[in-house]
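Enquirer: I am attaching a structure below and will ask some questions about it afterwards.
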Amino acid sequence: HEIRRIVPDINQIKKAMNLIKESKKPMIISGGGVLYSEAEKELSDFAARHNIPVVQTVMGFGSMLKDDPFNIGPVGGIGGRAANEIAKKSDLILAIGTKLGDFTTGSWANFENPNLKIICINTTRFDANKHLAQPVISDAKVGITKLSEFLGDWKSDNSWIEFAREGYKNWNEYIDKKIAPTNQELPSYVQVVGTIYKKADSTDIAVTAAGGLVGEVLQVWRPKSLNTHETEWGFSCMGYEIAGALGIKMAKPNQEVIVFCGDGSYLLWNSDIYSSVIYDKKLIIILCDNGGHAVINRLQLYKGG
């Protein structure tokens with residue numbers, strides 16, 4: 001297939017380059033646009049060449065491998081501690097292919113540096129100009145490549161990436177403890193996801209959409225292969241899980257597709273199990289009985305009520 005590439009304006013690239021060179025603690029936020037652009041390699045190469053830590057949004061998760069030395073994990077309201085710690089300290093954000101929505105920014109509570117500067121590489125002018133950012137109207141792959149050319153051999157200080165890596169190491173150790181087997185009668189969501197993750201092949205794709213499982217899967221399903229995490233998180237769309245997984249299986253028939261859903265989502269769209277059988281598209285569905293729409297009930301009681 002062919003992707004229509006939007007080439008950036010050189011003046012925008014130069015302004016972005018100057019902001020990066022002036023920064024001491026830059027970070028990259030990788031959004032869903034990196035995956036749409038198929039810019040995963042360019043992202044990893046850019047981070048390595050310029051010594052910049054990378055965090056991912058929910059939609060951009062899977063754009064870097066878990067063992068990439070510049071991957072610091074998911075950021076935001078359901079993100080990891082390591083990514084959120086560097087977000088609070090960073091003085092420059094290079095946002096690539098992300099709308100910088102509230103879950104990513106923690107309604108901006110997640111970014112504390114008063115001198116924070118933002119660069120947004122985005123194909124959409126509106127999103128690229130958000131939050132007084134320096135816009136780079138561009139396809140992610142082309143924008144990253146061109147910006148790297150202008151930066152040349154510039155690198156951020158090594159102490160910054162080492163700080164980020166130490167935090168990510170500690171966070172992974174914390175997650176590993178949480179998914180370890182215990183003697184408790186009923187497993188937690190994290191333990192369910194962790195058990196599947198440890199047994200899964202590197203190319204298996206995790207699918208989720210609504211309720212508490214999105215956060216648990218985002219933390220535990222650290223990508224062993226690129227683009228092996230899929231969620232619908234724009235509106236926490238109950239019912240997407242099984243239907244979305246069926247579409248993914250049609251697109252990637254040689255990979256196992258594992259669906260994580262709660263009982264509420266299951267009741268909304270379990271009919272697509274029938275469709276998957278008719279079309280001979282195997283799905284692995286992990287159904288968690290959480291007591292009947294329990295996540296929604298919790299939100300109603302503790303947020304709405």
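Enquirer: Go through the residues of region 153-171 one by one and say whether even a single one is part of a strand (DSSP E or B) and open to solvent by 80 Å² or more (accessible area, probe 1.4 Å).
Expert: no
Enquirer: Among the residues of region 282-304, write down those that are within 20 Å of Glu230 (Cα to Cα), out of contact with any strand residue (DSSP E or B) (no Cβ under 7 Å at 6 or more places or on another chain) and surrounded by 14 or more Cβ atoms within 10 Å (Cβ to Cβ).
Expert: Of everything in region 282-304, nothing turns out to be within 20 Å of Glu230 (Cα to Cα), out of contact with any strand residue (DSSP E or B) (no Cβ under 7 Å at 6 or more places or on another chain) and surrounded by 14 or more Cβ atoms within 10 Å (Cβ to Cβ).
Enquirer: While we're looking at this one, here's another question. In region 24-41, which residue that is out of contact with any Gly (no Cβ under 9 Å at 6 or more places or on another chain) and either open to solvent by less than 10 Å² (accessible area, probe 1.4 Å) or assigned to a helix (DSSP H, G or I) (or both) is farthest from Ala82 (Cα to Cα)?
Expert: Looking at residues that are out of contact with any Gly (no Cβ under 9 Å at 6 or more places or on another chain) and either open to solvent by less than 10 Å² (accessible area, probe 1.4 Å) or assigned to a helix (DSSP H, G or I) (or both), I get Lys41.
Enquirer: For region 85-99, does any single residue satisfy the condition of being at pLDDT below 95, open to solvent by 10 Å² or more (accessible area, probe 1.4 Å), over 16 Å from Val217 (Cα atoms) and not in a helix (DSSP H, G or I)?
Expert: Yes, because at least one residue in region 85-99 is at pLDDT below 95, open to solvent by 10 Å² or more (accessible area, probe 1.4 Å), over 16 Å from Val217 (Cα atoms) and not in a helix (DSSP H, G or I).
Enquirer: Also, quick follow-up: Tell me whether region 113-134 contains one or more residues that are within 16 Å of Met27 (Cα to Cα), polar (S, T, N, Q) and not in a strand (DSSP E or B).
Expert: Scanning region 113-134, I find at least one residue that is within 16 Å of Met27 (Cα to Cα), polar (S, T, N, Q) and not in a strand (DSSP E or B), so the answer is yes.
Enquirer: Here's a check for you: in region 100-122, which residue that is of a type in the set (D, E, K, R) and farther than 18 Å from Thr57 by Cβ is surrounded by the fewest Cβ atoms within 10 Å (Cβ to Cβ)?
Expert: This residue is Glu112.
Enquirer: Quick one: in region 177-190, of everything that is open to solvent by 20 Å² or more (accessible area, probe 1.4 Å) and closer than 20 Å to Ile78 by Cα, which residue is nearest to the chain's Cα centre (by Cα)?
Expert: Selected residue: Val190.
Enquirer: When region 96-122 is examined, which residues are found to be touching a residue at least 40 places away in the same chain (Cβ under 8 Å) and under 13 Å from Leu19 (Cα atoms)?
Expert: Matches in region 96-122: Lys117, Ile119.
Enquirer: While we're looking at this one, here's another question. Within the set of pairs 6+ apart or on separate chains, which have a first residue in region 184-203 that is of a type in the set (D, E, K, R), a second that is open to solvent by less than 30 Å² (accessible area, probe 1.4 Å), and C-beta atoms under 8 Å apart?
Expert: Lys198/Ile179
Enquirer: Could you please find all residues in region 285-305 being in contact (Cβ under 8 Å) with a residue 60 or more places away in the chain and either polar (S, T, N, Q) or not in a helix (DSSP H, G or I) (or both)?
Expert: Within region 285-305, Ile286, Cys288, Asn290 meet the criteria.
Enquirer: Ser107 is checked against (1) at pLDDT 95 or above; (2) not in a strand (DSSP E or B) and fails just one. What number does that condition carry?
Expert: (1)
Enquirer: Could you check, for region 28-50, whether at least one of its residues is of a type in the set (S, T, N, Q) and more than 21 Å from Glu166 (Cα to Cα)? Give the steps one after another, and end with the answer.
Expert: At the first step, the residues of region 28-50 found to be of a type in the set (S, T, N, Q) are 30, 37, 44.
Still in the list and also more than 21 Å from Glu166 (Cα to Cα): 37.
Checked region 28-50: at least one residue is of a type in the set (S, T, N, Q) and more than 21 Å from Glu166 (Cα to Cα).
Enquirer: What tally of residues in region 73-93 results from selecting those that are under 25 Å from Asn18 (Cβ atoms) and in contact (Cβ under 8 Å) with a residue 60 or more places away in the chain?
Expert: Residues flagged as under 25 Å from Asn18 (Cβ atoms) and in contact (Cβ under 8 Å) with a residue 60 or more places away in the chain within region 73-93 amount to 7.
Enquirer: Restricted to region 1-23, and to residues that are charged (D, E, K, R) and in contact with a Phe, Trp or Tyr (Cβ under 8 Å, 6 or more places away or on another chain), which residue is surrounded by the fewest Cβ atoms within 10 Å (Cβ to Cβ)?
Expert: So the first thing to find is which residues in region 1-23 are charged (D, E, K, R), and the list is 2, 4-5, 9, 14-15, 21-22.
If we keep only those that are in contact with a Phe, Trp or Tyr (Cβ under 8 Å, 6 or more places away or on another chain) as well, we get 14, 21.
Details: Lys14: 12, Lys21: 15.
Among those that are charged (D, E, K, R) and in contact with a Phe, Trp or Tyr (Cβ under 8 Å, 6 or more places away or on another chain), it is Lys14.
Enquirer: For region 145-198, enumerate the residues that are aliphatic (A, V, I, L, M), out of contact with any helix residue (DSSP H, G or I) (no Cβ under 6 Å at 6 or more places or on another chain) and over 16 Å from Leu218 (Cα atoms).
Expert: Ile161, Ala180, Leu186
Enquirer: Tell me, which residue of region 246-276 that is in contact (Cβ under 8 Å) with a residue 40 or more places away in the chain and among the small types (Gly, Ala, Ser) is nearest to Val214 (Cα to Cα)?
Expert: Gly262
Enquirer: Right, here's the next one. Would you confirm whether any residue within region 123-136 is farther than 28 Å from Glu173 by Cα, among the hydrophobic types (A, V, I, L, M, F, W, C), open to solvent by 20 Å² or more (accessible area, probe 1.4 Å) and in contact (Cβ under 8 Å) with a residue 12 or more places away in the chain?
Expert: Taking every residue of region 123-136 in turn, at least one turns out to be farther than 28 Å from Glu173 by Cα, among the hydrophobic types (A, V, I, L, M, F, W, C), open to solvent by 20 Å² or more (accessible area, probe 1.4 Å) and in contact (Cβ under 8 Å) with a residue 12 or more places away in the chain.
The values are calculated or read from the model by the stated rules, or taken from the named source; none is laboratory data. Remember, it's a predicted structure, so these values are computed and weren't measured experimentally. Every residue, glycine among them, receives a Cβ derived from its backbone with ideal geometry; neighbour counts consider all protein chains shown. Accessible surface areas use protein heavy atoms only, side chains included; no ligands, DNA or RNA. Shrake-Rupley method; radii C 1.70, N 1.55, O 1.52, S 1.80 Å.
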